[in-house]
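Have a look at the structure below, then the notes.
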Amino acid sequence: MPDLLDRILQWVFPTDCTACGRPAAERRLPFFCRGCWETIRPIEGPVCPRCGRPFDSPLALLSSPGHLCGPCRKKPPTFDLALTPYRYEGILEQAIHLFKYRRRDALATPLTDLMLAWADKLPSISLVMPVPLHPSRLRSREFNQALLLADRIADRLGLPLSFEHLVRVRATRPQTELDRKERARNVRRAFAVREPAGLAGQRVLLVDDVLTTGATVNECARVLRRTGVESVTVLTLARRV
Ligand SMILES: [Zn+2]
Ligand SMILES: [Zn+2]
């Protein structure tokens, strides 16, 4: 039940759900009604314990719980673990689009809530950092949505946030335009670490909005590893399966 303040808000500032047009005004959930938002469901069934890729067949993990997916067995990722709780589809896809390209910053809180529903699956973390944007992209898009998410997550977990260690040193083409092979090539040498001394022994949580092939976070983890970080865990809001 919406509380009194939510009802007053709806009366003073009536807003309609972006998806279905029904009234929507909760302080913690702007732009969508509760009914639409609750259609966002976590990925069900077995997933690769390393990269989070859903398996086609539930049998894959029954026989051996540590079973890795094909790409992870062929070329193990440089990160230790990736948690990618939701599919990039439906209401979540609409919400990420609003958040990312139309600067609906108020969505940062409900989107962070979705990510933190998985906080108990995280290993021990000592430092949170976002996947950085290149300054040229920052100028055109004006803000880094991964930083906004990472900032909220660090705050809620009571952990320090670093947005100055990992930097993007080369502008890259948007990964969405490229196939798997091209993506890996596109992000190669795109990231660097500034002042690596502070990173030795850190257990890093790397935050991004959407994971596609994992090429970007893999490259970030590779450069972080060279500084002596102890572990790199990836948390993204959604994955393009
Ligand atoms: Zn709705
Ligand atoms: Zn995998």
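For this structure, a couple of remarks:
- Residue ranges of helices (runs of 4 or more DSSP H) in region 124-241 with at least 1 members over 26 Å from residue 53 (Cβ atoms): 135-141, 145-157
- Just one of (1) at pLDDT 95 or above; (2) among the hydrophobic types (A, V, I, L, M, F, W, C); (3) farther than 14 Å from residue 145 by Cβ fails for residue 92. It is (3).
- Residue in region 183-205 that is under 16 Å from residue 84 (Cβ atoms) and either surrounded by fewer than 20 Cβ atoms within 10 Å (Cβ to Cβ) or touching a Leu at 6+ places or on another chain (Cβ under 7 Å) (or both) present: yes
- Restricting attention to region 18-68, the residues that are modelled with pLDDT of 90 or more, away from ligand 1 (no atom under 16 Å from the Cβ) and within 18 Å of residue 104 (Cβ to Cβ) add up to 0.
- Residue count for region 114-133, restricted to those that are under 17 Å from residue 43 (Cα atoms) and surrounded by 14 or more Cβ atoms within 10 Å (Cβ to Cβ): 5
- Qualifying residue in region 148-167 (condition: at pLDDT below 85 and assigned by TED's automatic domain parsing to the domain that holds residue 218): no
- Some residue of region 69-78 being out of contact with any Cys (no Cβ under 7 Å at 6 or more places or on another chain), under 30 Å from residue 23 (Cβ atoms), modelled with pLDDT of 90 or more and crowded, with 17+ Cβ neighbours inside 10 Å: no
The values are calculated or read from the model by the stated rules, or taken from the named source; none is laboratory data. Being a predicted model, the structure only gives us computed values, none of them experimental. Cβ atoms come from the backbone with ideal geometry, glycine included; neighbour counts cover every protein chain shown.
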